[in-house]
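The values are calculated or read from the model by the stated rules, or taken from the named source; none is laboratory data. All figures in this text were calculated on a predicted structure; none of them were measured in a lab. Ideal geometry is used to build each Cβ from the backbone, glycine not excepted, and the neighbour counts take in all protein chains shown.
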Amino acid sequence: MSEGQRFQLGTIGALSLSVVSSVSIVICNKALITTLGFSFATTLTSWHLLVTFCSLHVALWMKLFEHKPFDPRAVMGFGVLNGTSIGLLNLSLGFNSVGFYQMTKLAIIPCTVLLETIFFRKKFSRNIQLSLMILLLGVGIATVTDLQLNVLGSVLSLLAVVTTCVAQIMTNTIQKKFKVSSTQLLYQSCPYQAITLFITGPFVDGLLTNLNVFAFKYTPQVLAFIVLLCLISVSVNFSTFLVIGKTSPVTYQVLGHLKNMPSFLAFGSGLLHDPFSWRNILGILFALVGMILYSYCCTLESQQQASEASVQLFQAKESESEPLMSVENGASVLADSVVSKSPAWSSNKDLRA
């Protein structure tokens, strides 16, 4: 199996793991929040990250991956920023309508494209831009219902979009810049994310629910679901870093919208008794067309880049071999001239004799 085939297989595996683990955690979260009444999402996320760090520490002790320390300031800044973005997204959901929150998540893709274009000089072809517009249109049609605006909610949404975009771009750039794997980056950044959310989580959850997370009655069922969610979150966090590292922040957001859209619609029809409509079905079809176009365009561009790289490598090898060939040709010409002159010199000598 070639290196390109192994990379494609690893990417497919990362995407599949992300979808399965995300859908599983959504189902368990819904049961914990709606059935058991545990609505402290930010604090629960800090526990998820703490369990993820402990699991990775055990994996490190078992030598399943190698610890590779790098710039501690970059790790701390990245971890705090990632934790802050999670808290801001939860606040955005709490202080805005569900429809405006969905618009906030939709804004992450164009914001990411804009930031990568301005600061990283990354170029997105017109085909990819068109496919993203179709995808966002479909997700918007299917999930956005009401758009109730307020000043505080709008500011929180703007901060959530910016911090999420920067954090996901950093996830990709840090792995490439310092040549660390997704596991190594997650292991080093998890403590900072967990501490950030553990400190701010009770405050954020208190603002959203008017309840105290530490005064909640923890029954055996609640504890069992919390433990299960923490275990699933290990796969969610790992697959998130893996997908962004192997693809790009934009691809991760595209995948996120497609895996969250069915969950959002199922939540609305099951909990809010809001049945499917032709509008939802039309939005899903638009989103699927956009996703197929985006995947096709990305595949074509990656193949073109690979062919261009192979051509450049071939030209570089040819340019390296040309001086050697010229030297060899020059040596052969010199040898031929010496050989051709030697009989004339001998004949002159014979004539003199």
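Worth a mention:
- Residue ID - nearest to Tyr252 (Cα to Cα), chosen from residues in the stretch 168-214 that are small (Gly, Ala, Ser) and in a helix (DSSP H, G or I): Ser182
- The set of residues in the stretch 215-241 that are part of a helix (DSSP H, G or I) and free of Cβ contacts under 8 Å to residues at least 40 places away in the same chain comprises Ala215, Pro220, Leu223, Ala224, Val227.
- Criterion violated by Gly99 - all others in (1) under 19 Å from Leu242 (Cα atoms); (2) surrounded by fewer than 19 Cβ atoms within 10 Å (Cβ to Cβ) satisfied: (1)
- Residue among Leu89, Leu93 that alone is assigned to a helix (DSSP H, G or I), more than 29 Å from Glu301 (Cα to Cα), modelled with pLDDT of 85 or more and not basic (Lys, Arg): Leu89
For (1) among the aliphatic types (A, V, I, L, M); (2) farther than 16 Å from Cys190 by Cβ; (3) part of a helix (DSSP H, G or I), each residue gets a yes or a no:
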residue	(1), (2), (3)
Gly13	no, yes, yes
Ser16	no, yes, yes
Ile27	yes, yes, yes
Lys30	no, yes, yes
Leu50	yes, no, yes
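- When each of Thr84, Thr117, Thr104 is tested for being hydroxyl-bearing (Ser, Thr, Tyr) and either surrounded by fewer than 19 Cβ atoms within 10 Å (Cβ to Cβ) or not in a helix (DSSP H, G or I) (or both), the lone residue that passes is Thr117.
- Candidates Thr299, Thr251, filtered to the one that is modelled with pLDDT of 70 or more, within 20 Å of the chain's Cα centre (by Cα) and within 27 Å of Val161 (Cα to Cα): Thr251
- The stretch 96-122 - residue that is of a type in the set (Ser, Thr, Tyr) and at pLDDT 85 or above and, of those, nearest to Gly290 (Cα to Cα): Thr112
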